[in-house]
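Below is one structure, written out as structure tokens, with a few remarks after it.
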Amino acid sequence: MSRLEAKKPSLFISEPLTTVSQPLSLLTAILKSCYGPAGRLKQLHNGLGGYVCLTSQSSAILGRLSVSHPVLKVLTASVQNHVSRFSDCGLFTAILCCSLIENFRNLNIAPCTVIKISKHLLSLCTDYLKSEACGCRVSVDFGNLETLLCLVRSILTSKPACMLNKTEVDHLTVLIVKAFMFTVPCHPETKPILGKCVTVSVKGRRVLDSTVVPGLLIETPEIQFAKPFSVKRTSSDAVKVAVFCVSMSGDLFDPEEGTVTVHHRISLEMSELEQLLNVGKQLVNDEVGLVVCQKVIHPSLKQYLKDNHVIAVDRAGLSVMEPLSQVTGSKPIASIYSLSPSCYGSLKDVCAKSFASKHFVHLIPNDTVVCSLVLCNRNETTWDELKRACETAEHVLQLTLKEPLALLGGGCTETHLASYLRQKISCLSTSSSKDVDCSHAQYKLIADAFCHSLESVACSLSHDDGEILTDMAYGHCWLVPSGFPSVFNGSDLLSKCGCGVNSSTKDLNWRHLQPFFVSSPMESCLKEPSVKVSDIMTLDCFAAKYNGLQVAVETANLIMDLSCVIEDQN
């Protein structure tokens, strides 16, 4: 086939980092302005109108932001991959990566040297975070719900577009932890499989109307279960369940290519309906009490099942099929021509429930591994943002169950890591810098840029021209509200650090982070605060932030190593 137009040559971009300054600064400003509980919201929509998204979450922003520069495409794709795996710490990863690139580019040191030393600094950070001596790490005891509540509360309060007050945050925090506990098996096996929390949308209602229901809710039309119903039970008082993932509407199959030969006086429609009714008879004979179909059930089959006291629910949708199999133990039936009793599942009970104007069939299991979170919010925009936040919180709890650790939030982990690195660097001998093939001065410059990048993430928490300080004893982050003099007695003004562990005392010395001043010498050894879970106000997911730190540094190193970009123009 001949081409309608000539093939365009590939676009060769040499030294892409020379043109990235302005778009990188713009992306950094957008991301930093979204960071933290006081982050500014972004309204995202295309030029043709359509859906409008109001958010400060990285998953929503990066998914809808149009990026054209090849360097930024690499950066955003890397962060999106991190978010898809961990759900949390997307903004932390993106801001740290942007800051590293900006600070490394200003050093005028060979990229190979910068990359080698930054890898070494990253290994110091990861080794420290994994060690028992880490001063910004907290062990999570699942026997004490306070830590889990802190984790979830920290996620919800960092999403201002959810428009939640303190009472609503506390209410949802308890619900999310409760829902998560429902999904943890009561009798763990060798390889336990977590259950599922299904979010049910109820928009236009108060957040405090949200609730958690053990089992699964499937939405149905109001008229279907307008009257109380009795469910058919087996001799063991259980409700037998059949789940179909194939259409039971009686529509004829599409032969696509080819022909179908039909004998004289044979109606395909009647033949299909007869087969459906035969399936109905077998279901009744097998004492099935509930039939759920992913697609449509023919009205005649529905009526037949109803006459025989079998509840029929159709149009369940693909999204509930997996939790439906978990809650009932059934195997989805993919054909109406082969029906095996081994595919049936069972339930403890089935009843009707209503929330606001919506009506549901409530499937109550014998062992609760699936639950339904009835999530309410005032309008569609805030509900969408709240749903993303709740899904993030659920994923964070799952990650924490796998690795029961958390990191101090509120910028304290970032400033503590920077203080730890500065302390290590101050003890560095000249021979140590030679081990990584660079001068002692180069090592210190790159390490200082690395520390400043970590501190710039903490500084992003301030959005009102306030100052950010770090104490010289613990290396924690302290926010000074705007309007106060730059020279003051910190112990009189500050009460708690960002994470809430440390209180201000007169014997603490301070260092300014914003704007960046010349690095002050740290105390010879950072003190380890006595961390009480009840005192902690803000926590971050360990797995998400640990991976985010690695992704940010490795992506920055990859971008620093770019010498050219070849882009296909066709």
- Note on the structure: Subset of the stretch 422-446, residues more than 24 Å from K496 (Cβ to Cβ), open to solvent by less than 40 Å² (accessible area, probe 1.4 Å) and at pLDDT 80 or above, comes to I425, Y443, I446
- Mind checking whether some residue in the stretch 236-250 is in a strand (DSSP E or B), in contact with an Asp or Glu (Cβ under 9 Å, 6 or more places away or on another chain), open to solvent by 50 Å² or more (accessible area, probe 1.4 Å) and at pLDDT 80 or above? yes
- Message: For the stretch 33-47, check the following and say yes or no: at least one residue is of a type in the set (K, R) and more than 22 Å from the chain's Cα centre (by Cα).
- Response: no
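For the condition at pLDDT 60 or above, closer than 26 Å to D448 by Cβ, in contact with a helix residue (DSSP H, G or I) (Cβ under 9 Å, 6 or more places away or on another chain) and of a type in the set (A, V, I, L, M, F, W, C), what is the one hit in L539, L549, L526?
L549
So that you can scan it fast, the table gives a plain yes or no per residue for (1) of a type outside the set (F, W, Y); (2) over 24 Å from S236 (Cα atoms); (3) open to solvent by 20 Å² or more (accessible area, probe 1.4 Å):
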| position | (1), (2), (3) |
| --- | --- |
| V291 | yes, no, no |
| K302 | yes, yes, yes |
| V310 | yes, no, no |
| M321 | yes, yes, no |
| S330 | yes, no, no |
| G345 | yes, no, no |
| C351 | yes, no, yes |
| S354 | yes, yes, yes |
| K358 | yes, yes, yes |
- Index of the failed condition, N502 passing every other in (1) of a type outside the set (G, A, S); (2) in contact with a Phe, Trp or Tyr (Cβ under 8 Å, 6 or more places away or on another chain); (3) modelled with pLDDT of 90 or more: (3)
- Complete set of residues in the stretch 7-23 that are in a strand (DSSP E or B) and open to solvent by 60 Å² or more (accessible area, probe 1.4 Å): L11, F12, S14
- Note on the structure: Scanning the stretch 379-421 residue by residue, those assigned to a helix (DSSP H, G or I), among the aliphatic types (A, V, I, L, M) and open to solvent by 10 Å² or more (accessible area, probe 1.4 Å) turn out to be L399, L401
- Residues in the stretch 7-42 that are among the polar types (S, T, N, Q) and over 22 Å from R105 (Cα atoms) total 2
- In the stretch 31-66, the residues that are at pLDDT 90 or above and either of a type in the set (F, W, Y) or assigned to a loop (DSSP other than H, G, I, E, B) (or both): Y35, G36, P37, A38, G39, R40, L41, S56, Q57
- Query: Given the residues A389, A393, A334, A406, which is the only one that is modelled with pLDDT of 90 or more and more than 26 Å from D170 (Cβ to Cβ)?
  - Reply: A334
- Message: Going by what's in this entry, would N81 be described as polar (S, T, N, Q) and over 19 Å from the mean Cα position of the chain (by Cα)?
- Response: no
- So, of the residues in the stretch 24-53 that are in contact with an Asp or Glu (Cβ under 9 Å, 6 or more places away or on another chain) and over 20 Å from S154 (Cα atoms), which turns out to be surrounded by the fewest Cβ atoms within 10 Å (Cβ to Cβ)? S25
- Message: What are the pairs with Cβ atoms under 6 angstrom where one residue, in the stretch 43-61, is free of Cβ contacts under 8 Å to residues at least 24 places away in the same chain and the other, located anywhere, is part of a strand (DSSP E or B) and β-branched (V, I, T)? Sequence gap at least six, or different chains.
- Response: H45/V52
- Hits in the stretch 150-165 (condition: of a type in the set (K, R) and either over 17 Å from F542 (Cα atoms) or in contact with a strand residue (DSSP E or B) (Cβ under 7 Å, 6 or more places away or on another chain) (or both)): K159
- If you check K295, K331, K353, which single one turns out to be among the charged types (D, E, K, R), touching a Leu at 6+ places or on another chain (Cβ under 8 Å) and in contact (Cβ under 8 Å) with a residue 24 or more places away in the chain? K353
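May I ask you to list the residues in the stretch 179-203 that are touching a strand residue (DSSP E or B) at 6+ places or on another chain (Cβ under 8 Å) and either more than 16 Å from C150 (Cα to Cα) or free of Cβ contacts under 8 Å to residues at least 60 places away in the same chain (or both)?
Selection gives F182, T183, G195, K196, C197, V198, T199, V200, S201, V202, K203.
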- Counted residues, the stretch 303-317 - those being out of contact with any strand residue (DSSP E or B) (no Cβ under 7 Å at 6 or more places or on another chain) and either among the polar types (S, T, N, Q) or assigned to a loop (DSSP other than H, G, I, E, B) (or both): 5
- Please state which one of L339, L301 is in contact with a Leu (Cβ under 6 Å, 6 or more places away or on another chain) and farther than 25 Å from V200 by Cβ. L301
- Checking R85, R153, R105 in turn, the sole residue that is out of contact with any Asp or Glu (no Cβ under 6 Å at 6 or more places or on another chain) and closer than 22 Å to G36 by Cβ turns out to be R153
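The values are calculated or read from the model by the stated rules, or taken from the named source; none is laboratory data. Given the structure is predicted, the values throughout are model-derived calculations rather than measurements. For neighbour counting, all protein chains shown are included, and Cβ atoms are generated from backbone atoms with ideal geometry for every residue, glycine included. These accessible areas exclude ligands, DNA and RNA; they are computed on the full protein's heavy atoms, side chains included. Shrake-Rupley method; radii C 1.70, N 1.55, O 1.52, S 1.80 Å.
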